[in-house]
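Participant: One structure, as structure tokens, below. Some questions next.
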Amino acid sequence: MSQTADEQTKVLIAFYSRSGVTEALAVAVAEGARAAGAEVRLRRAREVVPPEVMAKAKGWREQAEAMNARYEAPTEADAEWADAIVFGTPTRFGSVASELKAYIDGLGGLWAQGKLNGKAGSVFGTTSTPHGGNESTLISLYNPMAHLGLVIVPLGYADPAMYKAGTPYGASAVSFNEAKPPTDDDLEVARFQGRRVAFVAQALKAAGATATKEGQGDQVGAGS
């Protein structure tokens, strides 16, 4: 049965990527979510450093401009629109990149209004080196997701792809210091993550709609 626009699950993928490795995982997560029937918004967080700092790293400014031309910046409106929010980040000293963290910090207004409570939340990430902090970075994002009221969706080992790549906390990839793209196994885990998040978000959305209808029914009964 096809879904109407109102019924369709909405997934926001908010990520930061410098060399394109994290971007590749984000695109795969989006593919998985769309395959599960979700509407997806892919958004890239913007730089928080001035151009002169970016100029010190070869290709940073050029790659940023190219990706910014492909993706809009994530906004509060995107987070409010979504039934699920998936964050993607490269590792920075074992934790989230400041560019994505700045976006998350900007969701304080929605947090204060409780508008993110009950949405699904999930994470994926990349490192330059093996054992460079992928898992610690993903787990570090669980903390702000809990504060925002998101229902955290880990991957566990619920798909055969998980026995070849990724982590139980979220999809991952290692670039080996040369912007090496994710492997096919990495991308398959990311697609599974997109499907899993879309499925959980749809279930949460349906449960919320049922609870609302039941509550309205109670009110009608009380007044009759």
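The values are calculated or read from the model by the stated rules, or taken from the named source; none is laboratory data. Worth saying up front: this structure is predicted, and the values here are computed from it rather than measured. Neighbour counts are summed over all protein chains in view; Cβ atoms, including those assigned to glycine, are modelled from backbone coordinates with ideal geometry. For accessibility, only protein heavy atoms count, side chains too; no ligands or nucleic acids. Shrake-Rupley method; radii C 1.70, N 1.55, O 1.52, S 1.80 Å.
Participant: Could you compute the FRET efficiency for Arg92 and Gln8, with r as their C-beta to C-beta distance and R0 at 41 Å, rounded to 0.05?
Facilitator: Efficiency for this residue pair is about 0.75.
Participant: Also, quick follow-up: Suppose every Lys and Arg Cβ carries +1 and every Asp and Glu Cβ carries -1, with no other charges. What dipole size does the chain come out with about its Cα centre, to the nearest 20 debye? Present the calculation step by step, with values, prior to reporting the outcome.
Facilitator: Values: 22 positive and 25 negative charges, 50 e Å.
So the magnitude is around 240 debye.
Participant: Taking H placed 1.01 Å from N in the peptide plane, check which residues at least 5 places from Val151 or on another chain put their amide H under 5 Å from its amide H.
Facilitator: Amide H to amide H, under 5 Å and 5 or more residues apart or across chains, Val151 pairs with Gly118, Lys119, Ala120, Gly121.
Participant: Over the range 1-118, with every protein chain in place, what whole percent of the accessible area is carbon and sulfur at 1.4 Å, could you tell me?
Facilitator: 52 percent
Participant: While we're looking at this one, here's another question. Before rounding to the nearest 500, sum -39500 (n - 2.57) across all DSSP H runs of length at least 4 in the chain and divide by the residue total; then give [θ] at 222 nm in deg cm²/dmol.
Facilitator: Values: 8 runs with 105 residues, N = 224.
It lands at -15000 deg cm²/dmol.
Participant: Another question about this same structure. Can you list residues from other chains, or at least 5 along the same chain, whose modelled amide H is less than 5 Å from the amide H of Thr167?
Facilitator: Excluding prolines and chain starts, which carry no amide H, the hits are Ser172.
Participant: Another one. Using label points projected 7 Å from each Cα along Cα→Cβ, tell me how many nm separate Ala69 and Ala146, to one decimal.
Facilitator: My value for the distance between the label points is 4.3 nm.
Participant: Okay, next question. In what order, largest first, do Lys10, Lys164 sit by accessible area if the probe radius is 1.4 Å?
Facilitator: Final ranking, largest accessible area leading: Lys164, Lys10.
Participant: List the longest stretch of the chain that has no exposed loop site; here a site is one of the chymotrypsin sites (Phe, Trp or Tyr not before Pro) assigned by DSSP to anything other than H, G, I, E or B, with at most 15 other Cβ within 10 Å.
Facilitator: That would be 1-92.
Participant: Give a residue-ordered list of calculated ³J(HN,Hα) values for the range 122-130 (Karplus: 6.51 cos²θ - 1.76 cosθ + 1.60, θ = phi - 60°; whole Hz; x for Gly, Pro).
Facilitator: Each residue of the range 122-130 in turn: 8, 9, 8, x, 9, 9, 7, 10, x Hz.
Participant: Could you provide, to the nearest whole Å², the per residue accessible area of the chain with probe 1.4 Å?
Facilitator: Numbers: 10940 Å² over 224 residues.
Ligands and nucleic acids excluded, the result is 49 Å² per residue.
Participant: Filter the trypsin sites (Lys or Arg not before Pro) in the range 29-133 to those in DSSP coil with at most 10 other Cβ atoms within 10 Å of their Cβ, and list the result.
Facilitator: Lys56, Lys58
Participant: Using a Cα distance threshold of under 13 Å, what count of lysine pairs results for the chain when pairs must be 8 or more residues apart or interchain?
Facilitator: 4
Participant: For the range 103-194, which GluC sites (Glu not before Pro) are both in a DSSP coil and crowded by at most 11 other Cβ atoms within 10 Å?
Facilitator: Those satisfying the criteria are Glu178.
Participant: Shifting gears a bit: Helix by helix, which DSSP H runs in the chain go 20 Å or more along their axis at the Cα atoms and have an average Kyte-Doolittle hydropathy of 0.5 or more?
Facilitator: Helices meeting the criterion: 21-35.
Participant: Consider all pairwise Cα distances in the chain and report the whole-number % of them above 30 Å.
Facilitator: Working: 5820 of 24976 pairs.
Roughly 23 percent, rounded to a whole number.
Participant: How high is the relative contact order of the chain, in percent, with contacts defined as C-alpha pairs under 8 Å that are six or more residues apart?
Facilitator: For the chain, the relative contact order is 26 percent.
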